[in-house]
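The values are calculated or read from the model by the stated rules, or taken from the named source; none is laboratory data. What you see is a predicted model; the values in this text were computed from it and never measured. Note that each Cβ is placed from the backbone with ideal geometry, even for glycine, and that neighbours are counted across all protein chains shown. Note: accessible area is taken over every heavy atom of the protein model, side chains too, but ligands, DNA and RNA are not part of it. Shrake-Rupley method; radii C 1.70, N 1.55, O 1.52, S 1.80 Å.
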Amino acid sequence: MSARRTPWWYYVIATLIGLLLGTILVKSDEMTGLSLIGAPWFVTFVLVLLGAVVLILALQVHQYAITDPTRRKSWIDPTKAVYTLVLCKALGIAGAGLAGWYLAQVLLTLSHWGIPYFQNVIIQCAITTVICIADMIVGIIGEWLCQLPPSEGPENPKIKAAQRRERQRKFAAGSSMNKRDISK
């Protein structure tokens, strides 16, 4: 199985969807008076905690992947490494979507800054937006950290180039011997 990097435009789409849904939430809040906007502080704390855990896991996988196999002191379960990669991808996309969600709430409630309730909402959402952007960045970096270094196996471009040069050298040596045999 070959895992691919998450394309950059996935993050843009997730942010735009978050902006759209956040806008819908604020508009429905203004029309109905039902207060659903804002970000409780425990959500911010959980997002910080998730980002830290995913970064630590990604660093462990990276350290294992770049260490020479003969010098490794520990072993990482391949399933754990794949789960870490999936967590990094999910954190990046979720961070982008939630950043859009909370950013929309900030932008649309700025006009109500004079009301203490909205001041609290704006501050909570602004801090959570920054945390979500940080989580998205951690997800992107974590995905990069989970990449395996290039294999030195037969499919490696360096190995293929060396094999091609060897074949050309042998062919050149063989054809020069044939010319000497003919001249004798």
In Å³ and rounded to a whole number, note down the convex hull volume per residue for the Cα atoms of segment 1-82. 139 Å³
Karplus-derived 3J(HN,Hα), 6.51/-1.76/1.60, for each residue of segment 37-46, Hz, glycine and proline x: 7, x, 9, x, 4, 5, 5, 4, 4, 5
Out of I93, I159, I141, any idea which swings most in a Gaussian network model of the chain, alpha carbons joined below 10 Å? I159
For the chain, with all protein chains present and a 1.4 Å probe, just round the carbon and sulfur fraction of the accessible area to a whole percent. 70 percent
If you build the Cα gyration tensor of the chain and take the root of 5 times each eigenvalue, what three semi-axes come out, in whole angstrom, biggest first? 56, 20, 10
If we count GluC sites (Glu not before Pro) as exposed when they sit in a DSSP loop and have at most 13 other beta carbons within 10 Å, what is the longest stretch of the chain that avoids them all? 1-151
Would you mind finding the longest exposed-site-free stretch of the chain, with exposed chymotrypsin sites (Phe, Trp or Tyr not before Pro) meaning DSSP loop and at most 15 other Cβ atoms within 10 Å? 1-74
Using the Karplus curve 6.51 cos²θ - 1.76 cosθ + 1.60 with θ = phi - 60°, what ³J(HN,Hα) values do you get for each residue of segment 6-18, in whole Hz, with x for Gly and Pro? 6, x, 4, 6, 4, 5, 5, 5, 4, 5, 5, 5, x
For the chain, modelled as a GNM with alpha-carbon contacts under 10 angstrom, which of L98, L85, L16 fluctuates the most? L16
The answer for trypsin sites (Lys or Arg not before Pro) in segment 69-100 that fall in a DSSP coil and have at most 12 neighbouring Cβ atoms within 10 Å is R72, K73
